[in-house]
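Visitor: Please read through the structure below; I'll follow up with questions.
Please treat every number below as a calculation from the coordinates, not as lab data. If you're wondering where the values come from, they're calculated on a predicted model, not measured in any experiment. Every residue, glycine as well, gets a Cβ built from its backbone with ideal geometry; the counts of neighbours run over all protein chains shown.
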């Protein structure tokens with residue numbers, strides 16, 4: 001119930017308009033979002049690199065409302081790729097096709113993606129196409145396989161979500177293409193008709209997909225904070241003789257930083273997904289939905305601030 005409520009709230013623009021100007025909410029968001037500007041994002045990547053961690057930068061924002069907004073997003077991604085190259089940080093980028101105008105026109109989206117991917121190729125770097133809700137899964141995969149991957153094989157990859165029933169078949173397709181896959185569990189609210197409702201089934205699907213990608217895939221990203229799945233990945237890789245340079249773990253900015261450092265110390269490759277930008281509220285709410293402990297942290301902080309404020313007002317001498 002809590003997860004469903006948080007995912008619903010993630011779609012409420014009027015609430016975002018309120019919390020963006022709330023000091024406590026912004027402070028909490030800063031743990032999971034690398035600020036609202038490119039400068040703050042680049043600083044976050046530099047700090048990660050200093051810890052032996054690579055990054056994937058994502059300018060937050062999903063479906064745009066008009067062609068001008070889509071073109072602006074594409075320009076921002078090209079600027080982002082240029083900054084990564086000029087500053088020499090170890091990072092690629094992640095983006096959503098809806099931010100490139102997919103809902104407006106597939107041809108517009110393709111033109112803008114061609115510009116972004118061409119710049120990525122110029123800089124010998126990589127663009128990960130994020131997966132969105134199940135309403136976009138087939139459209140995203142079709143555009144990736146038919147129009148983007150054939151021209152930019154070394155510079156573009158896809159994301160697959162283990163909570164969808166269809167994912168094992170999509171994994172097989174990606175292996176056939178030799179496409180690079182980021183495997184995650186999935187963060188959107190989905191009906192039982194398309195996604196596993198129970199966590200155990202989602203986890204089982206993830207492990208099956210992980211094993212296929214490690215044995216037959218092309219440098220896969222194992223994106224999870226689930227320590228049991230991480231340990232199973234490590235165990236399976238060792239059992240199968242899969243070298244640590246054939247895959248990487250991926251985690252979210254600000255989540256399980258202790259585990260991030262542990263993986264690096266153990267000699268595993270780790271990439272951290274670094275979101276930034278003004279549209280951080282929907283992203284933050286999905287992160288809360290994924291990890292209910294974050295709700296307790298935020299609530300506790302709010303209560304302490306409220307209690308502290310009341311205490312200060314009570315101690316204030318009357319004049």
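Visitor: Tell me, 215, 54 in order of fewest to most beta-carbon neighbours within 10 Å?
Guide: Sorted ascending by nearby Cβ count, the order is 215, 54.
Visitor: I would also like to ask the following. What value does segment 75-202 have for Rg/Rh, both radii from Cα atoms and Rh as Kirkwood defines it?
Guide: Answer for segment 75-202: 0.99.
Visitor: Gain in length, residue 228 to residue 246, computed as 0.36 nm per residue apart minus the alpha-carbon separation, to one decimal in nm?
Guide: Going from the current span to full extension adds 4.4 nm.
Visitor: Cα centroids of segment 221-292 and segment 55-78: how far apart, whole angstrom?
Guide: Cα centroid of segment 221-292 versus Cα centroid of segment 55-78: 25 Å apart.
Visitor: Can you sort 83, 180 from fewest to most other Cβ atoms within 10 Å of each residue's own Cβ?
Guide: 83, 180
Visitor: Tell me the Rg and the Dmax, in Å, that the Cα atoms of segment 34-276 produce.
Guide: Gyration radius and largest Cα-Cα distance of segment 34-276: 17.2, 52 Å.
Visitor: Place the peptides 217-228, 153-164 in order of packing, highest mean first, counting for every residue the other Cβ atoms within 10 Å and averaging per peptide.
Guide: Ranked from most to least packed, the peptides come out as 153-164, 217-228.
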